[in-house]
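The values are calculated or read from the model by the stated rules, or taken from the named source; none is laboratory data. In this text, all values refer to a predicted model and were calculated from it rather than measured experimentally. We place every Cβ from the backbone using ideal geometry, glycine too, and count neighbours over all the protein chains shown. SASA here: full protein model, heavy atoms, side chains in, ligands and nucleic acids out. Shrake-Rupley method; radii C 1.70, N 1.55, O 1.52, S 1.80 Å.
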Amino acid sequence: MLTLLYFILAISLLVVIHEYGHFWVARRCGVRVLRFSVGFGKPLWSFRDRHGTEFAIAPIPLGGFVSMLDEREAPVPEHLQQQAFNRKSPWARIAIASAGPLANFIFAILAYWALFVAGTSGLVPVVGQVKPDSVAQLAGIRSGDEIVAVQQHLTPTWEAVNWQLLNFIGEDADIQLTVTDADGLQRQVWLSVNRWLAGPEVPDPFAALGLEPRQLPIPAIIGEVMPGEAAERAGLQAGDRIVAVNNDPVVDWYDWVERIRPAAGEALAVELERAGKAVTLVLTPGSRTDEQGNHSGFIGAQVAVPEYPAGWVRTSHSGVLEGLQRGWQKTVDLTVFTLDSLWKMLLGDVSVKNLSGPITIAKVAGASAAGGLEAFVGFLALLSVSLAVLNLLPVPVLDGGHILFCAAEILRGKPLPERVQAVAVQVGMFLLLSLMLVAFYNDIGRL
C-alpha cells in the first residue's frame, strides 16, 4: 500500500507540474482551457474557476491532461473562436506544447538545486575486491584504489562513478579512469570494453568490470526480527551475535548470509551470544524466490548496521548560485543520457528490456521514499527529466509531435493536410502503445 501511495504521489505531482506548464502558457496566449485533469476517467472531484475551467481529479493515476477549446474537436461558438487553440499562430502553439516539458525540466533543476544546497553525501569510491582476470584487473586496478575520475569527469562518490560508466553502455570503448592508490600516488588506467552491457536487463557496471566497492565490516549481529518468519520461530532476538553454525565459526554478517542462502528447509544448530551469555538454538530457514526465479534460504532477520567511518563518506554543500549551476548541469546530463540511451535502443546497442513501466516506477518510488527525503526528491527529479524527454519526442500525440506539426506549418506557410496529420497520429498512437506494451511486459517479467 505504501508503494502504491508513493507511486500515486510521484506521478500526480509530476503530472500537475507538466500540465500546469501547458495551462499557464495557454492562458497567456489567450486560449480557453476547458479542463485541467489529474488522472484519467470520470472525475471523482471537480470545481470550476471564474474563467470556466474545470479542475478535476480522476481515478486512473497514470497521467493527466489539459483540454483546450479547439474547432477540430467540437464546434465552437463564433464569439469564442479567437480563444480556440487551432486559431493561434504556430509559434503560440509551439510555446503551449513546449511548456509542459519545460515545466518538468524547471522542476528537476530546482529539485537538484535544493538537494545540492542542503548537502549531498555518498560513499567514497574505494575499490574493495577485484575479480581475477576481469577487465578491471587486466587494466591494473587494485584493491584499495580510489576512482578519482572517469574520462576526466570527477567522481567523488560511487554514484558519480556509476553515472559516468553508464554513458558507455552498448559501446566499444577504452574508458579512462584516474585512480589513487593507498599511498596517494595517482595514475591513469584504461578499461577496454566491447558492446559493453548491451544485453543485461539490469546493467551493473561494477560487476561487469569485475569491481566490488569497499564493504564495511559488519559483525553478525541481529538488528530486527520479522514477525512470523523462521528467525522468530527459532527464538532469535534483536541484539543476538551469531557465533557459529553447526560448530563452524561465523566471521561476519556476509558469512552468516552465505550459510543461510543454501540451507532452505535444513535444520541448523546456531550458537550465539545474548547479553553476555552463550545460547544454542535450532534454526530452519524458509525459502524465497528472487526476480530471476532463483531459490534461496530466508529467515526474516535484518542486520544491525554500524555507522560508516567518517573517511568512508563524502559530503558536499553548494552555495545558492553554485547549486543552481549544478542543478542545471545535472538536468542537462540526464537529458543527454536519456536521449543517448533511447538512440542506442533503436540501434540495438542496448536491450529494450531496460524500458520500465508503471510497476517498476512504483517499486522505485517506494524504495526511494524508504531511503528518505533526499532519495525521493532525487527520484522525482530523475522521473521528471524522463517525462520531459519522452514528451518532446517527435511522435504525433505527444508534445513533440505537436511541435513537429507546427514547425512544418511554419516552413510550408500553411498547415499539413488533415489526412497527413490523421495518418501521422495513428502511427504515433501505434508507436506509443507498442512502447507501453514493451514496458508493461518488462515490468511483469521483473515481478
Give the Rg (one decimal place) followed by the Dmax (whole number) of the range 93-181, computed from C-alpha coordinates and expressed in Å. 18.2, 59
Excluding ligands and nucleic acids, what accessible area in Å² is computed for Phe47 using a 1.4 Å probe, to the nearest 10? 100
Report the net charge of residues surrounding Pro306, where surrounding means a beta-carbon distance below 15 angstrom and charges are Lys +1, Arg +1, Asp -1, Glu -1. -1
Using a 1.4 angstrom probe with every protein chain in place, what is the largest-first accessible-area order of Met226, Met345, Met1, Met429? Met1, Met429, Met226, Met345
Debye calculation, C-alpha points only, no solvent: report log10 I(q)/I(0) for the chain at q = 0.10, 0.11 Å⁻¹, in the same order as the q values. -0.92, -1.06
Could you give the accessible area per residue of the range 169-325, probe 1.4 Å, as a whole number in Å²? 57
Rg ratio (alpha-carbon, reference 2.2 N^0.38 Å) - the range 157-285: 1.52
Calculate, for the range 48-167, the solvent-accessible area per residue in square angstrom, rolling a 1.4 angstrom probe over the heavy atoms of the protein chains. 50
Those lysines that a straight Cα-Cα span of less than 19 Å connects to Lys344, excepting residues fewer than 8 apart in one chain: Lys353
How far, in nm, would the chain grow between Glu78 and Lys131 when pulled straight, counting 0.36 nm per residue and subtracting the alpha carbon separation? 11.7 nm
What number comes out for the charge environment of Thr284, summing +1 per Lys or Arg and -1 per Asp or Glu over other residues with Cβ under 9 Å away? 0
Give me the net charge of Leu398's neighbourhood, meaning all other residues with Cβ under 15 Å from the Cβ of Leu398; Lys, Arg count +1, Asp, Glu -1. -1
In the chain the accessible area split gives carbon plus sulfur, as whole percent at 1.4 Å, a share of 61
Given only helices, namely DSSP H runs of n ≥ 4 each adding -39500 (n - 2.57), what is the per-residue ellipticity at 222 nm of the chain, to the nearest 500 deg cm²/dmol? -14000 deg cm²/dmol
List His79, His22, ordered by accessible area with a 1.4 Å probe, largest first: His79, His22
Cα centroids of the range 117-164 and the range 292-325: how far apart, whole angstrom? 15
Rg over Rh, two decimals, the range 367-423 (C-alpha only, Kirkwood Rh): 1.32
Quotient of Cα radius of gyration and Kirkwood radius for the range 1-152, i.e. Rg/Rh, equals 1.24
